[in-house]
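For reference, the structure discussed in these notes is given below.
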Amino acid sequence: MLLTFQGFFKEGHFITDTPVKIPEGRKTIVTVLDETANESDEEARQSKLWDEIFEEIKNCDEVLLGEPERIHLRVPEEVDAL
């Protein structure tokens, strides 16, 4: 069974929003949410990764031979028909 409790850390202790009784010796997992990170941080990280990918492609000296494989992307109507 998995129980989830919300709360906060204060002076090294986890304080729940509501009173909770957890038996001694019970295995627990604590997940800490980083509320300081925001979407612009994630967008900046992804943008940096794409810049690195494009830079690697630009600096690649691999010779490509042959024709690229043709692909067909299905439209929603084709997916619905499956």
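The values are calculated or read from the model by the stated rules, or taken from the named source; none is laboratory data. Keep in mind that this is a model prediction, so the values were computed, not measured. Cβ coordinates were reconstructed from backbone atoms using ideal geometry, including for glycine residues, and neighbour counts include every protein chain displayed.
Would the range 40-53 turn up any residue that is surrounded by 10 or more Cβ atoms within 10 Å (Cβ to Cβ), part of a loop (DSSP other than H, G, I, E, B) and within 27 Å of the chain's Cα centre (by Cα)? No: zero hits. Would you confirm whether or not the range 16-23 contains a residue that is surrounded by 10 or more Cβ atoms within 10 Å (Cβ to Cβ), in a strand (DSSP E or B) and modelled with pLDDT of 85 or more? Yes, because at least one residue in the range 16-23 is surrounded by 10 or more Cβ atoms within 10 Å (Cβ to Cβ), in a strand (DSSP E or B) and modelled with pLDDT of 85 or more.
On the stretch given as the range 57-82, residues that are exposed (fewer than 10 other Cβ atoms within 10 Å of the Cβ) and in a loop (DSSP other than H, G, I, E, B) total 16. Starting from the range 11-30, take each residue that is at positive phi and list its partners that are assigned to a loop (DSSP other than H, G, I, E, B), counting only C-beta distances under 9 angstrom and pairs at least six apart or across chains. Pairs found: none. Evaluating residue 30 against the criteria (1) more than 30 Å from residue 2 (Cβ to Cβ); (2) surrounded by fewer than 10 Cβ atoms within 10 Å (Cβ to Cβ) leaves one unmet condition, (1).
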